[in-house]
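Take a look at the structure set out below.
Since every read-out is calculated from the coordinates, none of them should be taken as a lab result. Keep in mind it's a predicted model, so treat the numbers as computed, not measured. Reconstructed Cβ throughout: ideal geometry from the backbone, glycine too, with neighbour counts over all protein chains shown.
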Amino acid sequence: MAIVSDQSKVHIACSNCLKENRVASERLKDHPKCGNCGMPLLEGKSIALDERNFDAFLKPTGLPVLVDFWAPWCGPCKAMAPAFEQAAQRLANDVRFIKVNSDEAPSLATRFAIRSIPTLILFQDGQEIKRTSGAMDTGSLVRWAST
């Protein structure tokens with residue numbers, strides 16, 4: 001995802017083919033599809049990323065990106081997973097929800113100094129704007145990601 005000089009357009013990376021798509025801000029709620037593969041761009045669910053495709057989604061954009069660093073053995077991570085998906089549905093047109101398995105992407109965990117999981121980092125225009133550790137319920141996730 002990358003922002004263009006015209007603030008009324010955002011670039012959104014397709015989770016299927018990784019192609020960037022330019023979408024007018026006012027059309028985000030119209031369920032835009034990828035111009036390359038035709039898949040929905042804002043699906044209302046989280047996207048699992050790793051070292052290969054993470055940066056395509058973190059580039060500057062008009063949409064915030066919320067990243068959940070987690071691991072399959074982590075009880076609080078598993079407990080929060082349904083709430084994270086529900087928050088992704090609620091904020092489908094406003095925030096991209098990303099999941100990074102820190103066991104499978106150790107270089108990303110190191111890059112972002114992940115010391116405990118789950119750790120949530122909210123990015124805007126490619127820059128970290130806030131982070132927190134620990135599980136949250138759906139309402140708390142929505143509020144935290146929206147402020």
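If amide H atoms are built 1.01 Å from N in the plane of the peptide, which residues on other chains or at least 5 residues away come under 5 Å of the amide H of residue 33?
Close amide H contacts, sequence-distant or interchain: 41.
When ranked by the protection proxy of mean other Cβ atoms within 10 Å per residue, highest first, what sequence do the peptides 52-58, 86-92 form?
The peptides rank, most packed first, as 86-92, 52-58.
What FRET efficiency, computed as 1/(1 + (r/R0)^6) with R0 = 22 Å and r the Cβ-Cβ distance, is obtained for residue 26 and residue 137, rounded to the nearest 0.05?
Step by step, r from the Cβ atoms, then E = 0.10.
How high is the relative contact order of the chain, in percent, counting Cα pairs under 8 Å that sit 6 or more residues apart?
After rounding, I find 25 percent.
When only alpha-carbon atoms are used, what values of Rg and Dmax, in angstrom, describe the chain?
Using the Cα atoms of the chain, the pair Rg, Dmax is 14.5, 44 Å.
Calculate one ³J(HN,Hα) per residue across region 129-141 by plugging θ = phi - 60° into the Karplus curve 6.51 cos²θ - 1.76 cosθ + 1.60, and present them in order as whole Hz with x for glycine and proline.
Couplings: 10, 6, 8, 8, 10, x, 6, 10, 7, 4, x, 5, 4 Hz.
For residue 94, put the label point 7 Å out on the Cα→Cβ axis and report which residues of region 18-49 keep their amide N under 18 Å from it.
Correct set: 25-32, 42-46.
GNM on the chain, C-alpha springs below 10 Å: top fluctuator among 94, 125, 30?
30
In whole angstrom, note down how far apart the Cα centers of region 24-80 and region 88-147 are.
11
Taking the chain as a Gaussian network, Cα atoms linked when under 10 Å apart, which of 61, 110, 119 shows the biggest mean-square fluctuation?
In the Gaussian network model the winner is 110.
Can you tell me the FRET efficiency between residue 50 and residue 129 if r is taken as the Cβ-Cβ distance and R0 is 22 Å, rounded to the nearest 0.05?
0.45
Is it possible to state the helix-based mean residue ellipticity at 222 nm for the chain, with each DSSP H run of 4+ residues giving -39500 (n - 2.57), the sum divided by total residues, to the nearest 500 deg cm²/dmol? What is it?
-7000 deg cm²/dmol
Given H placed 1.01 Å from N in the peptide plane, which residues other than close sequence neighbours of residue 126 have an amide H under 5 Å from its amide H?
For residue 126, whose amide H was placed from the backbone, the distant partners under 5 Å are 61.
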